[in-house]
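Participant: I'd like to ask some things about the structure below.
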There are 2 protein chains.
Amino acid sequence: MPTPPAKRPTLADVARASGVSVALASIVMRGAEGASEESRSRVKQAAAELGYRPDSRARSLRSSRSRTIGLALALGEPLHAELADALYEQADQNGFEIILGATGRHRDERRVLNTLIDAGVEAVIGLFPELPPAQLVHASKQLPIISLLRTIDGIPSVITNEAAGVEQAVSHVAQLGHTRLLHLDGGSAIAAQQRRDAFAESAARANAHGQVLPAGPDDATAFTVLREYLEATTPAERATAVLAFNDRAALGARQAIDLAGLHVPEQICLVGYDDSEFARLAHADLTSVRQDVAALAQAAMHAALNAPGASSTHAPQLVVRGSTARPRA
Amino acid sequence: MPTPPAKRPTLADVARASGVSVALASIVMRGAEGASEESRSRVKQAAAELGYRPDSRARSLRSSRSRTIGLALALGEPLHAELADALYEQADQNGFEIILGATGRHRDERRVLNTLIDAGVEAVIGLFPELPPAQLVHASKQLPIISLLRTIDGIPSVITNEAAGVEQAVSHVAQLGHTRLLHLDGGSAIAAQQRRDAFAESAARANAHGQVLPAGPDDATAFTVLREYLEATTPAERATAVLAFNDRAALGARQAIDLAGLHVPEQICLVGYDDSEFARLAHADLTSVRQDVAALAQAAMHAALNAPGASSTHAPQLVVRGSTARPRA
DNA sequence: CACTAAATCTAGAACGTTCTAGGAGAGACT
DNA sequence: AGTCTCTCCTAGAACGTTCTAGATTTAGTG
């Protein structure tokens, strides 16, 4: 069966059916003041009967109030999914809709940003790992743009206090008695630089020896890098605690550790980052740094809707699980 | 700094700057015929200088050709992410944009569908696990709706041949010599019913004993259910091959197997479904049934754009990895 | 009852595009 | 010259809303 496109009812249809003007029907539909109770109920009933739903294109074209905000994220990132879920909840409370754009292999970030803007959103909340800041600053002259998880000069940014997160992780393992620490970094990923710097500082502060191994945000790179490290070092010189850039990388690291015949956490312990589903998953039971998703979402939505220009930083919280313990005597 | 919204350039601005009418500028911008080469380049240059981008709301309002299609999916599902990526590629080739709507804890599927429709998409491709068919059928009177991975009467559906996938998995382990098979099913998840039925048939056909254990599409349920099974059975009566509903569930199953002190694949072997990133992840090395993402995406896009009403079924492919082997003698 | 204030309603322009219908010029052919 | 057929261009309506400004009704007051 070919699809015969049935025309959807318009505001004019509703007005005609309820015997009022289009303007009044509009007033009723958007809940503005200036209509009597009687016409209100008449119009609403007609709308319900016809199955009328306002056309958000026309609405936003005319009023520049689409009550829609755009969210750019990477699919397949558990943390992004969590944030999106929390943002949906926030949007609900404010009577807003959310439209998503996915960055990924086949869609560069600028394009995603433009698609969202062209679709008529009132603001964009973006998880843009790589988009040049200049582009965001430029776009922010047209509408509010909030950068989530990444600090961008000139753009309100809602981020986690990376230094605090790394510090919690480092001091946790240091207090357990570990003195040789390894950080598998995130390469050029978002926040990788801050975590790298924070790691060096925190290790020094804890009187531990901290080494950074260049890696990346994925499990494959972490696996390869750590395997080489384990092959190239003797047990005596080896680090006894590994801080991965994120949970995914931690799983890759875990694979390398298992392959080398070492036991977690007795011989080497492992800390992830993000406390995503990976951390709780099979085998892993990862100690991980949890970002405050709810607070991040709330702050981002608030910045997008009410307080343009309000950056904020949110404290993470270390979640201790089974992948960290005292070093074996 | 509050954000001073700078007005974005309109087609009228472009027309004025290049000394032609709005209508002609429109012709040039959308690449229609009826403009001389000279004015074409003049308009294009003016547009570039002003940084003009067409307003897709106005465009789609007027022409009902927004060149945008809506995609509804669940965030955090690796398979959905893969499909989205492939669909983006398809959309690119057809000069279409994609906007996403996420179903999830805080956003029911009907709402997502409506948001996409109201945003003016020309068609919707939907991964709707639970939406009542009637709603989709109703919406499909307004615009083409394609159901992906789920058969829905009255709606063109692009799906995987579940029976074939399960058959490949079952006959693989049967040929390895396993005769007691267990299926951790997907509960009420999409395609769960088909896989359940196919499992029973395939097991019978292979002269194997097939038992179905009610579970769900997540790793936690699979873990719990399998742990109880392993505790309640003796090694002699136990199944030696487990087919999980998907890779995520397989990881949960894996956790239960490890906890019971059993070895994969020597003592018990494990097959996943979807061949998602989970299957390749740390520890897992899962044999899994790969859905043909590229073909599914292409068929869905084709159905959405060109051939309303064209359902299709696509063959999956078993990917053999390290989690399956001959039973120990 | 006249006059004003408030409440309720409506006509019509506007948002930024596309599309229809037609006009102006330039050759080409009787 | 006239007529035809092209190609190139443009005016203005239309899409479905919101919004401004004013019209009409109702209620309130002396």
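Participant: Viscosity 0.692 mPa s, temperature 37 °C: Stokes-Einstein D of the range A:1-136 from its Kirkwood Cα radius, in µm² per second? Don't jump to the answer; show the numbers that get you there.
Facilitator: Values: Rh = 17.4 Å.
D, rounded to a whole number, is 188 µm²/s.
Participant: Using each residue's phi in the range B:78-90, evaluate 6.51 cos²θ - 1.76 cosθ + 1.60 at θ = phi - 60° and report the 3J(HN,Hα) Karplus result to the nearest Hz, with x for Gly and Pro.
Facilitator: x, 5, 5, 5, 5, 5, 4, 4, 5, 5, 4, 5, 4
Participant: Counting other beta carbons within 10 Å of each Cβ, put A:271, B:264, B:212 in order, fewest first.
Facilitator: So the residues, fewest neighbours to most, are B:212, B:264, A:271.
Participant: For residue A:287, which sequence-distant residues (separation of 5 or more, or a different chain) have an amide H within less than 5 Å of its own amide H, given hydrogens modelled in the peptide plane?
Facilitator: Residues meeting the criterion, in which the H sits 1.01 Å from N, are A:272, A:321, A:322, A:323, A:324.
Participant: Around residue A:318, which amide H atoms from residues at least 5 apart in sequence, or from another chain, sit under 5 Å from its own amide H, with H modelled in the peptide plane?
Facilitator: The answer is A:290.
Participant: Another question, if that's okay. Which log10 I(q)/I(0) values, to two decimals, does chain A give at q = 0.13, 0.15 Å⁻¹ under the Debye formula with one point per Cα?
Facilitator: Computed log10 I(q)/I(0) values: -0.94, -1.13.
Participant: Whole angstrom only: what separates the Cα centroid of the range A:1-71 from the Cα centroid of the range B:54-133?
Facilitator: The range A:1-71 and the range B:54-133 have Cα centres separated by 23 Å.
Participant: OK, next. Where does the charge balance sit around residue B:202 when Lys and Arg score +1, Asp and Glu -1, over other residues with C-beta under 13 Å from its C-beta?
Facilitator: Values: positive: B:195, B:196, B:205; negative: B:162, B:167, B:197, B:201.
Overall, the nearby charge balance is -1.
Participant: Normalising by the residue count of chain A, find the relative contact order in percent from Cα pairs under 8 Å and 6+ residues apart. Display every interim value, and only then the final one.
Facilitator: Details: 622 pairs, mean separation 49.6, N = 329.
It rounds to 15 percent for chain A.
Participant: Convert each backbone phi in the range A:92-101 into a coupling constant with the Karplus relation 6.51 cos²θ - 1.76 cosθ + 1.60 (shift: θ = phi - 60°), then list the ³J(HN,Hα) values in order as whole Hz, x for Gly and Pro.
Facilitator: With the stated coefficients, the range A:92-101 comes to 3, 4, 9, x, 10, 9, 10, 10, 9, x Hz.
Participant: Counting only other chains, what is the mean number of Cβ atoms within 10 angstrom of the Cβ of each residue in peptide A:86-93?
Facilitator: On the way: counts 2, 2, 9, 4, 1, 2, 3, 0.
Mean shielding count: 3.
Participant: At a Förster distance of 30 Å, what's the computed FRET efficiency of residue A:12 paired with residue B:12, Cβ-Cβ distance as r, to 0.05?
Facilitator: Taking R0 as 30 Å, the efficiency between residue A:12 and residue B:12 is 0.70.
Participant: Count charges around residue A:225 for me, please; just the other residues with Cβ under 12 Å from its Cβ, Lys/Arg as +1, Asp/Glu as -1. Don't skip to the end; give the middle numbers.
Facilitator: Numbers: positive: A:227; negative: A:185, A:218, A:219, A:228, A:231.
Residues near residue A:225 contribute -4 overall.
Participant: Moving on to the next point. So, in nm, how far is label residue A:302 from label residue B:137 when the simple model puts each one 7 Å beyond its Cα toward the Cβ?
Facilitator: Going from the residue A:302 label point to the residue B:137 one covers 4.8 nm.
Participant: Would you compute the Debye intensity of the range B:65-155 from its alpha-carbon atoms alone, equal scatterers and no solvent, and pass along log10 I(q)/I(0) at q = 0.12, 0.20, 0.25 Å⁻¹ to two decimals?
Facilitator: For the range B:65-155, the Cα-only Debye profile gives -0.32, -0.93, -1.42.
Participant: Additional query: May I ask for the percentage of alpha-carbon pairs in the protein assembly as shown that lie more than 46 Å from each other? Walk me through the numbers before you get to the answer.
Facilitator: Values: 55231 of 216153 pairs.
Every Cα pair in the protein assembly as shown considered, those over 46 Å come to 26 percent.
Participant: Calculate one ³J(HN,Hα) per residue across the range A:65-75 by plugging θ = phi - 60° into the Karplus curve 6.51 cos²θ - 1.76 cosθ + 1.60, and present them in order as whole Hz with x for glycine and proline.
Facilitator: 3J(HN,Hα) across the range A:65-75, in whole Hz: 10, 7, 6, 9, 10, x, 10, 9, 8, 9, 5.
Participant: Quick check on the range A:162-291: take the gyration tensor over C-alpha atoms, sort the square-rooted eigenvalues as a ≥ b ≥ c, and tell me if it's rounded (a/c under 1.5), prolate or oblate. Present the calculation step by step, with values, prior to reporting the outcome.
Facilitator: Working: a/c = 1.29, a/b = 1.07, b/c = 1.21.
The shape class here is rounded.
Participant: Take the Cα coordinates of the range B:219-329, assign each an equal point scatterer, and use the Debye formula without solvent to give log10 I(q)/I(0) at q = 0.15 Å⁻¹.
Facilitator: With no solvent term, the Cα-only Debye profile gives -0.66.
Participant: Over all distinct Cα pairs, what is the inverse of the mean 1/r for the range B:11-54, reported as the Kirkwood hydrodynamic radius in Å?
Facilitator: Working: mean 1/r = 0.1021 Å⁻¹.
Across the range B:11-54, the inverse of the average 1/r is 9.8 Å.
Participant: Going highest first, how would you order A:305-317, B:287-299 by mean Cβ packing within 10 Å?
Facilitator: Working: A:305-317: 15.7, B:287-299: 21.8.
Highest-to-lowest ranking by the protection proxy: B:287-299, A:305-317.
Participant: Ok, one more. For the range B:31-119, run through the GluC sites (Glu not before Pro) and keep only the ones in DSSP coil with at most 12 other Cβ atoms within 10 Å of their Cβ. Can you show the working numbers first?
Facilitator: Values: sites: B:33, B:37, B:38, B:49, B:82, B:89, B:97, B:109; in loops: B:33.
Answer in residue order: B:33.
Participant: Per residue of B:268-281, what is the mean number of Cβ atoms on other protein chains within 10 angstrom of that residue's Cβ?
Facilitator: Working: counts 0, 0, 0, 0, 0, 0, 0, 0, 1, 5, 4, 0, 2, 13.
What the average comes to for B:268-281 is 2.
Participant: Now a separate question. Let me make sure I get this right: for the range A:169-231, a, b and c are the square roots of the gyration tensor eigenvalues over alpha carbons, sorted descending. Under 1.5 in a/c it's rounded, otherwise prolate if a/b > b/c, else oblate. Which is it? Let's see the in-between values first.
Facilitator: Working: a/c = 2.43, a/b = 1.40, b/c = 1.73.
Note, shape of the range A:169-231 comes out oblate.
Participant: List the residues whose amide H sits under 5 Å from the amide H of residue B:74, counting only those 5 or more places along or on another chain, with H placed 1.01 Å from N in the peptide plane.
Facilitator: Here B:103 satisfy the definition.
Participant: Within 10 Å of each Cβ in peptide A:214-222, how many partner chain Cβ atoms are there on average? Round it to a whole number, please.
Facilitator: Numbers: counts 0, 0, 0, 0, 1, 4, 4, 0, 1.
Averaged over the peptide's residues, the number is 1.
Participant: Another question, if that's okay. How many nm separate the modelled label positions at residue B:295 and residue A:53, each set 7 Å beyond the Cα in the direction of the Cβ?
Facilitator: Placing both labels 7 Å along Cα→Cβ, they lie 3.4 nm apart.
Participant: Sum -39500 (n - 2.57) across every DSSP H segment of at least 4 residues in the protein assembly as shown, then divide by the residue count to get the 222 nm mean residue ellipticity, nearest 500.
Facilitator: On the way: 26 runs with 288 residues, N = 658.
Helices in the protein assembly as shown give a 222 nm mean residue ellipticity of -13500 deg cm²/dmol.
Participant: Oh, and also: Any idea what the dipole of the protein assembly as shown comes to, in debye rounded to 20, about its Cα centre with Lys/Arg Cβ at +1 and Asp/Glu Cβ at -1?
Facilitator: About 1660 debye.
Participant: Net charge around residue A:179, counting only other residues with Cβ within less than 14 Å of its Cβ (Lys, Arg = +1; Asp, Glu = -1)?
Facilitator: Details: positive: A:180, A:205, A:238, A:326, A:328; negative: A:237.
With Lys, Arg at +1 and Asp, Glu at -1, the neighbours total +4.
Participant: Report the trypsin sites (Lys or Arg not before Pro) located in the range A:81-121 that are in a DSSP loop and have at most 14 other Cβ atoms inside 10 Å of their Cβ, or state none. Mind showing how you got there, number by number?
Facilitator: Details: sites: A:105, A:107, A:110, A:111; in loops: A:105.
Answer by residue number: A:105.
Participant: What GluC sites (Glu not before Pro) does the range A:210-265 have in DSSP loop regions with at most 15 other beta carbons within 10 Å? If you can, show how the numbers build up before the last one.
Facilitator: On the way: sites: A:228, A:231, A:237; in loops: A:237.
Sparse-neighbourhood loop GluC sites (Glu not before Pro): A:237.
Read the figures in this text as sums done on the coordinates, not as results from a lab. Nothing here was measured: the structure is a model prediction, and the numbers come from that model. A quick note on method: Cβ atoms are made from the backbone with ideal geometry, for glycine too, and the neighbour counts reach across all protein chains shown.
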